[in-house]
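Enquirer: I'd like to ask some things about the structure below.
Where a number appears in this text, it was derived from the coordinates with a stated rule and is not lab data. Computed from a prediction, not measured in an experiment: that's the story for all the values here. In this analysis, Cβ positions are derived from the backbone assuming ideal geometry, glycine residues included, and neighbour counts consider all displayed protein chains.
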Amino acid sequence: MWGALDIPTSGMVAQRIRLEAISANIANKNAILDAEGNYNPYRKRAAEFAAGDPSAQTPTGQKLGVHVATISIDQDALRAIYEPSSPYADASGYLMVPDINPIVEQVNAMEATRAYEANVMAAEAIKSTMAQALRLLS
């Protein structure tokens with residue numbers, strides 16, 4: 001039964017990573033330069049989940065919970081804006097900027113937060129059940 005806590009724990013970890021990606025998207029929605037100052041518009045990131053946490057499994061080898069398989073980077077998530085005064089604009093005066101919708105990102109953040117909270121509630125229910133079982137055994 002102790003392994004049962006691994007399932008909601010893996011869900012909380014996965015949702016935290018998802019929230020980090022969403023936060024990075026919101027923070028960088030106007031970033032057109034990379035860390036070295038080169039023109040390289042930020043690309044939207046998304047946490048991709050996969051069933052089964054490699055670090056949590058049953059004695060028979062069954063994987064429990066969820067894990068983040070990868071953080072994908074959307075290579076098409078740019079939009080052109082007319083900004084002829086920018087030193088980074090093309091010959092036609094267009095500048096490629098991140099195509100990140102803050103409203104969509106906020107909705108995604110709310111969904112990830114609710115999923116995190118659901119995992120917390122599941123962990124609390126498991127803890128309560130364990131405590132009741134221990135009281136019965138003592």
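Enquirer: Sequence gap at least 6, Cα distance under 8 Å: using those rules, report the relative contact order of the chain to the nearest whole percent.
Expert: 30
Enquirer: Chymotrypsin sites (Phe, Trp or Tyr not before Pro) within segment 33-66: which are DSSP loop residues with at most 10 other Cβ atoms inside 10 Å?
Expert: Details: sites: Tyr39, Tyr42, Phe49; in loops: Tyr42.
The qualifying sites: there are none.
Enquirer: For segment 1-75, which GluC sites (Glu not before Pro) are in a loop by DSSP, counting at most 11 other Cβ atoms within 10 Å?
Expert: Those that pass, being in a loop and sparsely packed, are Glu36.
Enquirer: So what is the orientation-averaged projected area of segment 1-98, using the convex hull of its C-alpha atoms, in nm²?
Expert: Result: 7.7 nm².
Enquirer: Further question: Can you list the HN-Hα couplings for segment 99-116, worked out from phi with the Karplus curve (6.51, -1.76, 1.60; θ = phi - 60°), rounded to whole Hz and with x for Gly and Pro?
Expert: 9, 10, 8, x, 5, 4, 5, 5, 5, 4, 5, 5, 5, 5, 5, 5, 5, 4
Enquirer: A follow-up question, please. Using amide H atoms built 1.01 Å from N in the peptide plane, name the residues 5+ places from Gly65, or on other chains, whose amide H lies under 5 Å from its own.
Expert: Gly52, Asp53
Enquirer: Same structure, new question: Which net charge results for the neighbourhood of Tyr94, defined as the other residues with beta-carbon distances under 12 angstrom from its beta-carbon, given Lys and Arg at +1 and Asp and Glu at -1? Intermediate values should be presented prior to the final figure.
Expert: Details: positive: Arg79; negative: Glu83, Asp90.
Local net charge: -1.
Enquirer: Just name one of Ser23, Pro54, Ile7: the one whose Cα is farthest towards the positive end of the charge dipole of segment 1-61 (beta-carbon charges, Lys/Arg +1, Asp/Glu -1).
Expert: Ser23
Enquirer: Work out the charge dipole of segment 2-137 with +1 on the Cβ of Lys and Arg and -1 on the Cβ of Asp and Glu about the Cα centre, then indicate which of Gln75, Ser92, Tyr39 is farthest towards its positive end.
Expert: Ranked along the dipole, the leading option is Gln75.
Enquirer: With each run of n ≥ 4 DSSP H residues scored as -39500 (n - 2.57), what mean residue ellipticity at 222 nm is computed for the chain after dividing by its residue count and rounding to the nearest 500 deg cm²/dmol?
Expert: Rounded to the nearest 500, the figure is -15000 deg cm²/dmol.
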